[in-house]
Amino acid sequence: MKTTIALTPEHLEKTVTIGAWLSNKRSSGKIAFLQLRDGTGFIQGVVVKNDVSEETFQLAKNLTQESSMYITGKVVEDTRSAFGYELQVSNIELIHEAVDYPITPKEHGTEFLMDHRHLWLRSKKQHAVMKIRNEIIRSTYQFFNDGGYVKIDPPILTGSSAEGTTELFHTKYFDEEAYLSQSGQLYMEAAAMAFGKVFSFGPTFRAEKSKTRRHLIEFWMIEPEMAFVDHEESLEIQEQYVSFIAESVLENCKLELDVLERDTSSLEKIKAPFPRISYDDAIKLLKEKGFDDIEWGDDFGAPHETAIADNFDKPVFITNYPAEIKAFYMKPAPGRSDVVLCADLIAPEGYGEIIGGSQRIDDLELMKERYEQHDLNDPAYKWYLELRQYGSVPHSGFGLGLERTVAWLSGVDHVRETIPFPRLLNRLYP
Ligand code: 4AD
Ligand code: MG
């Protein structure tokens, strides 16, 4: 029976054939232990000299790392294995012999591993991170589909930018100038006026000259947008969504969290509601904590965010930032024209901002003022203004950065390990 390493109790005591790669091996004169992987999992194959042909035993003993094969054997229980099974090998059919696989079980430097990302993805840890990424993607669709949201795909090639014009990737669009999307938000607002509750999930691009553990040039963003939903209601949706994906990862990625040695007790605390702190109070808190340089009106850097987040054991919303340091489309807070109805959700343990969101300006006259202030009277933005002209309603939305969320939930240090092929400041390959 041909199958995969994702075995079930039905396979016990049966002889199966699995297509697999060799990830590691130990052998003595009489027995060889093969560590096998096939993408679905890991299993140990035991080859006993006396139980197989001499040819098969020699083949097993000489197998090189990452060689591929069809391996046949009887499935038996193995309580020491995380997967619960072991293969008592009876035959091996070599498909391809790998010679001098560069990523050996010893330690390698990050640059070396990044240069070999196309191979590094096969390693146990990278495999676990990608499975957690996949679970976040799966549970994201579940959360929004079950919540009655319609998935809408905003364009990638755009003529308008949502988050300012300094970090744009420019490209030629025949005779016109175009950009790669920084955020689908403006289009998602149009979609919300057509479908009520919508979400997008796609790649976004920022030509950021930042070389930090939180910045990618190309990253994936989930952007829900909801008509008739105010800022406070949007925060409730955000905390429910983040709690849901954390719970899904805890529930469905036990093996992966174990491989990554993730401290799950901190993940178990990710349950709505999340604390909220206003920007005003966050400034006071930072001053108390000895950040003497910070003044009202300054944006927060990573050390500030971490210092604020350290006060809580759950993610925390920092709300109502100064209008000056936020995007043009955010609605001013009632009675406070200097701050806007927005929030950044800061993850604990130093992972930083994972969500940026806000209630959007719905008043046509105020939006026209913003267009003047931000120099947006360009044909590329005319359509966005029209959303305030025909049945404008209160609406809110947010963007969750997938890779930062993967980094946080898996407990990996740097976002470069949370996307299959990271695009970084100095890296376009592989
Ligand atoms: O805070 P940002 O810039 O918000 C927006 O783009 C809004 N238009 C979203 C919306 O309201 N629909 O980005 C949202 C999130 C950040 O919180 C962060 O998690 C992630 O996107 N992000 C990045 N992730 C990796 N690398 C980068 N360079 C990122 N820039 C933002
Ligand atoms: Mg932001």
Residue count, the range 272-286 (criterion: under 26 Å from the mean Cα position of the chain (by Cα) and surrounded by fewer than 15 Cβ atoms within 10 Å (Cβ to Cβ)): 2
Filter result (part of a helix (DSSP H, G or I), in contact (Cβ under 8 Å) with a residue 24 or more places away in the chain and touching a Phe, Trp or Tyr at 6+ places or on another chain (Cβ under 7 Å)) within the range 250-293: Tyr279
Single residue of the range 325-362 satisfying the filter (away from ligand 2 (no atom under 14 Å from the Cβ) and of a type in the set (S, T, N, Q)) that is nearest to Ala302 (Cα to Cα): Gln359
The listed residue being of a type in the set (A, V, I, L, M), in the same structural domain as Ile245 (by TED's automatic domain parsing) and over 30 Å from Lys271 (Cβ atoms), out of Ile294, Ile346, Ile318: Ile294
Where Tyr70 falls short, out of the listed (1) within 35 Å of the chain's Cα centre (by Cα); (2) at pLDDT below 95: (2)
Of residues in the range 294-312 being among the small types (Gly, Ala, Ser) and in a loop (DSSP other than H, G, I, E, B), the one nearest to the chain's Cα centre (by Cα): Gly301
Yes/no for Lys289 being among the charged types (D, E, K, R), under 28 Å from the mean Cα position of the chain (by Cα), surrounded by 13 or more Cβ atoms within 10 Å (Cβ to Cβ) and more than 14 Å from ligand 1 (Cβ to nearest atom): no
Any chance Pro394 is under 26 Å from His215 (Cβ atoms), in contact (Cβ under 8 Å) with a residue 24 or more places away in the chain and not aromatic (Phe, Trp, Tyr): no
Residue, farthest from Arg138 (Cα to Cα), within the range 208-234, restricted to residues that are of a type in the set (A, V, I, L, M, F, W, C) and in contact with a Ser or Thr (Cβ under 8 Å, 6 or more places away or on another chain): Val229
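The values are calculated or read from the model by the stated rules, or taken from the named source; none is laboratory data. Remember, predicted model here, so these are calculated numbers, not experimental data. For neighbour counting, all protein chains shown are included, and Cβ atoms are generated from backbone atoms with ideal geometry for every residue, glycine included.
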